[in-house]
Amino acid sequence: MSFKKGDYVLVLDEDLSGTVKSINANVVSIETEDGFLIDFNSNELVIKEKNESIKTKLFSRSTIDDVVSEKEQPKRKKQPKKKAKERHEPTMEVDLHINELVKSTRGMTNYDILTLQLDTAKQRLDFAIANRIQKVVFIHGVGEGVLKLELEYLIGRYDNVKFYDANYQKYGLGATEVYIYQKNATSN
């Protein structure tokens, strides 16, 4: 926009107006109504006729049909909001049932099965700690409780974790939730 001395201008994004006093390349000096001289870039100013109101200038080109058609335009769909419970759901689930870990248990003893389940749990827990995953649920089933006890012993050896029974409504009695305390990246 080109300005000349004496133009009455408004400052965009501020509640200022004044008269153009000097123009130097892209910098325009205006004198505010309070008598202060302030420099602005030309793209920060708009010319205003003294007797013209802003509303008539902004809306003079719009018709009622334009406004109605703008309102009828489809709006962007909002993202569905998650409930507070869902935001705090565990981010990683590990199913330790043996049929989830191997295709067949043929030739495996109970010791082999338990060892495989605990090795898997240790790998997944180390993975979660390394990737800064805060919550992990280990699904171990109810059974006789041997896997649950061994799992609690394994998790108990970690300093930066706490564990407790997982959400009963979702998992029943057969799951343990592990919360991993995150260390700051800057601390040694």
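The values are calculated or read from the model by the stated rules, or taken from the named source; none is laboratory data. Everything quoted here is computed from the prediction, not taken from an experiment. Positions of Cβ are backbone-derived with ideal geometry, glycine not excepted, and every protein chain shown enters the neighbour counts.
Here is how the numbers come out for the structure above:
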| item | result |
| --- | --- |
| Yes/no for TYR111 being hydroxyl-bearing (Ser, Thr, Tyr), assigned by TED's automatic domain parsing to the domain that holds LEU173, surrounded by fewer than 17 Cβ atoms within 10 Å (Cβ to Cβ) and in contact (Cβ under 8 Å) with a residue 12 or more places away in the chain | no |
| Condition check for GLY143: farther than 21 Å from ASN110 by Cα and assigned by TED's automatic domain parsing to the domain that holds ASN99 | no |
| Test: ASP119 is assigned to a strand (DSSP E or B) and modelled with pLDDT of 75 or more | no |
| In segment 158-185, residue surrounded by the most Cβ atoms within 10 Å (Cβ to Cβ) [restricted to those that are charged (D, E, K, R) and touching a helix residue (DSSP H, G or I) at 6+ places or on another chain (Cβ under 9 Å)] | GLU177 |
| Complete set of residues in segment 122-144 that are assigned to a loop (DSSP other than H, G, I, E, B) and among the polar types (S, T, N, Q) | ASN131, GLN134 |
| Count of segment 1-31 residues which are in a loop (DSSP other than H, G, I, E, B) and more than 43 Å from the chain's Cα centre (by Cα) | 7 |
| First in segment 119-130 and under 11 Å from ILE180 (Cα atoms), second anywhere and part of a helix (DSSP H, G or I) and not β-branched (Val, Ile, Thr), Cβ under 8 Å, 6 or more apart | LEU125/LEU154 |
| Residue count, segment 154-177 (criterion: in a loop (DSSP other than H, G, I, E, B), within 12 Å of LEU125 (Cα to Cα) and aliphatic (A, V, I, L, M)) | 0 |
| Considering residues of segment 37-75 that are among the basic types (Lys, Arg) and surrounded by 10 or more Cβ atoms within 10 Å (Cβ to Cβ) only, the residue modelled with the lowest pLDDT | LYS57 |
| Among the candidates ILE155, ILE139, residue that is surrounded by 11 or more Cβ atoms within 10 Å (Cβ to Cβ) and either within 19 Å of GLN182 (Cβ to Cβ) or touching a helix residue (DSSP H, G or I) at 6+ places or on another chain (Cβ under 6 Å) (or both) | ILE155 |
| Residue count, segment 96-108 (criterion: part of a helix (DSSP H, G or I) and exposed (fewer than 10 other Cβ atoms within 10 Å of the Cβ)) | 1 |
| Any pair with Cβ under 9 angstrom, 6 or more apart, that starts in segment 1-17 at a residue that is farther than 12 Å from PHE40 by Cα and ends at one that is in a loop (DSSP other than H, G, I, E, B) and not β-branched (Val, Ile, Thr) | ASP7/LYS48; TYR8/LYS48; TYR8/GLU49; TYR8/LYS50 |
